[in-house]
Amino acid sequence: MGFGKLGQAVTAREVFDLVRDDLERVEKEISRESVASVDAITAIGQYLQEAGGKRLRPSLLLLSSKLIGDGGESAIRLGAVVEMIHAATLVHDDVIDAAETRRGRPSANMQWGNHTCVLGGDWLYMQAFQMALRERNFHILDLLIGLTQMMVEGELIQLERIGRIDVTEADCMELEDRKTACLFSVCARLGGLVAGADSATEERLGEYAWNLGMAFQLVDDILDFTAREQTLGKPVGGDLREGKVTLPLVYALERATAEERLSVERVLVDRHYENVPFAQILALVENHQGIERVRERAQAFTDKARQLIAEFPESPYQRALCGITELVTERDH
């Protein structure tokens, strides 16, 4: 599990060793449940699964479950459910963004086309809900339906803001919540729920994971400017190229000159870096402390998540959930 530097990778291995066997069962569940009567949908599901990924969301669910007790088969099933919902969002995101790569490979829409991928993503959503329905628990369905609505609304809000330079800090934080933090929160809540947590404990787990998710997405926004393309698995500077102004740029624009602001507007209109090089935009963001300020915001959310999980009794699972906060902040992809 490569979370950046060597020391962090060792820590990550220790964290994920706690749920390694359960994660393997989650993978088998995803493989089994991603088989459709239409070959293209099965192929898309397999392609996404082969691409790997951090599996952070099911890991959060499994660790939260073990922290409280043991969710057994329900935790395994719901671990697969949240990963399939996440995969569905990625398929739809890549279609919307006209993405060409994902995790270092051609994106699914480049392989199968937009029409097939939209329907494939729809199928994954419905299959995930069908699996969740087997739990016969209205609270689980309520959490998952509310989550899906939040994420879809987030995508629509983001589309409305494409190409706009007047995006605010509050706008960005709303999207961090809807794109990532709400899913992290539901993962932890579901883990606690199936292990028998009471409502207050479930809420506290959700708040911990929400703060973790906010930090995760803020770091994502930083990495879009600072990561190496081979490490990130997709082109750097992709957000602005797609017309999205994220928080590092919002902060930088607060201090930018009129000329610098025009250079950003040029990229938003062009949707490429041929007239204004990416290096020029990166220098603007760095010189006006955009990256530094976002890193501070991410660290504040990380600190809050660590504070919340520290309130639980100490155990290997509590330490792992605490350790994940550092992995999220310090990762390089």
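Laboratory data are not the source of any read-out in this text; all were calculated from the coordinates shown. Small disclaimer: the values here were computed from a predicted structure and weren't measured. Glycine gets a Cβ as well: all are built from the backbone with ideal geometry, and neighbour counts include every protein chain shown.
Things to note:
- Across region 197-209, computed HN-Hα scalar couplings (Karplus, 6.51 cos²θ - 1.76 cosθ + 1.60, θ = phi - 60°) run 5, 6, 4, 5, 5, 4, 4, 5, 4, x, 5, 4, 6 Hz from first to last residue, x flagging Gly and Pro.
- Distribution of pairwise C-alpha distances over region 127-192, 5 Å bins, in %: 3, 16, 23, 20, 13, 10, 7, 5, 2, 0
- Taking label points 7 Å from Cα along the Cα-to-Cβ direction, Ala258 and Gln299 give a separation of 3.6 nm.
- Within the shell defined by Cβ-Cβ distances under 13 Å, the residues around Thr116 carry a net charge of -3, with Lys and Arg each +1 and Asp and Glu each -1.
- Listed peptides 238-247, 149-158 by packing density, highest first (mean Cβ within 10 Å): 238-247, 149-158
- Between region 260-316 and region 29-103, the Cα center-to-center distance that results, in Å: 27 Å
- Estimated from helical segments only, the mean residue ellipticity of the chain at 222 nm is -24000 deg cm²/dmol, where each DSSP H run of four or more residues counts as -39500 (n - 2.57).
- Mean sequence separation of contacting Cα pairs (under 8 Å, at least six apart), scaled by the length of the chain, corresponds to a relative contact order of 21 percent.
- Lysine pair number, Cα distance threshold 25 Å (strictly under), the chain, separation 8 or more or different chains: 15
- Region 154-288: translational diffusion in µm²/s, Stokes-Einstein, Kirkwood Rh over Cα pairs, 37 °C, 0.692 mPa s: 203 µm²/s
- Applying 0.36 nm per residue to the separation of Ile165 and Ala40 and subtracting their alpha-carbon distance, the gain on full extension is 41.1 nm.
- Where (1) 1.96; (2) 1.27; (3) 0.98 are the candidate values, the label of the one calculated here for Cα Rg over 2.2 N^0.38 Å is (3).
- Residue with peak Gaussian network fluctuation, the chain [Cα springs, cutoff 10 Å], from Ser315, Ser59, Ser37: Ser37
- When the trypsin sites (Lys or Arg not before Pro) in region 101-175 are filtered for DSSP coil states and for at most 13 other beta-carbon atoms within 10 Å of their beta-carbon, the remaining sites are Arg134, Arg136, Arg164.
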